[in-house]
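In what follows, a single structure is set out as structure tokens and then discussed.
Please treat every number below as a calculation from the coordinates, not as lab data. Since we're looking at a predicted model, the values are computed, not measured. Positions of Cβ are backbone-derived with ideal geometry, glycine not excepted, and every protein chain shown enters the neighbour counts.
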Amino acid sequence: MANPSESMFISQQDVAELTGHPGPAIQARWLRANGIPFILGGDGRPKVARQTLLNKVEPTQPSQELPIEPVPSLAKITANWDKVSEALMAELIGATSRALQGRRSRGAIPTDIWREVDGRIMYSLKRYDAWLEGHWPPFEESTRLERRKPVPKKKRRNIQLLV
């Protein structure tokens, strides 16, 4: 337990030393960025609870937080999806929503890939992939690397002009 003679909050000098800046706005920004809870006092300066800071620096009890797992990529999350919104489809194919709207309105993307559902445009990822694969010739893996024959260089003729 903290000493009763100590204040509940760390001093303004300690906050300035912790954040590395005397200005309250920059102190608050630094505290937020580092996940240190604080409140703003009536003077507009951030007030940091002593016990919260001590727990942050030196936890006394095991953390109740779940272990941090890496966030899977969007492609892995959508591996089992088929129908997606236009905004998500644009993100998946690396375009803007506006560019995708333009492709759809020009007919560059066939109508069997997208549908309007309840006023929203939805795309089928499986149909889009199949359509996209249709634009490529079948892949044939060659057993050996074929060397290209060198192209013969054109011979230059030296023409001398007599004047």
key: Per-residue ³J(HN,Hα) for the range 105-116, Karplus 6.51 cos²θ - 1.76 cosθ + 1.60, θ = phi - 60°, Hz, x for Gly and Pro   = 6, 7, x, 5, 10, x, 5, 7, 8, 10, 9, 8
query = Residues with amide H under 5 Å of Lys83's amide H, sequence separation 5 or more or different chain, H placed in the peptide plane at 1.01 Å from N; which?
reply = Leu125
request  = Work out Dmax and Rg for the range 12-57 from the C-alpha atoms and quote the Rg first, both in angstrom.
outcome  = 9.5, 27
inquiry  = Can you compute 3J(HN,Hα) from phi for each residue in the range 88-104, using the Karplus curve 6.51 cos²θ - 1.76 cosθ + 1.60 with θ = phi - 60°, rounded to whole Hz and x for Gly and Pro?
reply    = 5, 4, 4, 5, 5, 9, x, 10, 8, 4, 5, 5, 5, 4, x, 4, 5
message = Neighbour counts of other C-beta atoms within 10 Å: give me Thr52, Thr111 arranged from fewest to most.
response = Thr111, Thr52
ask   = Normalised by the residues of the range 12-57, what does the relative contact order come to in percent, with Cα pairs under 8 Å and at least six apart?
value = 30 percent
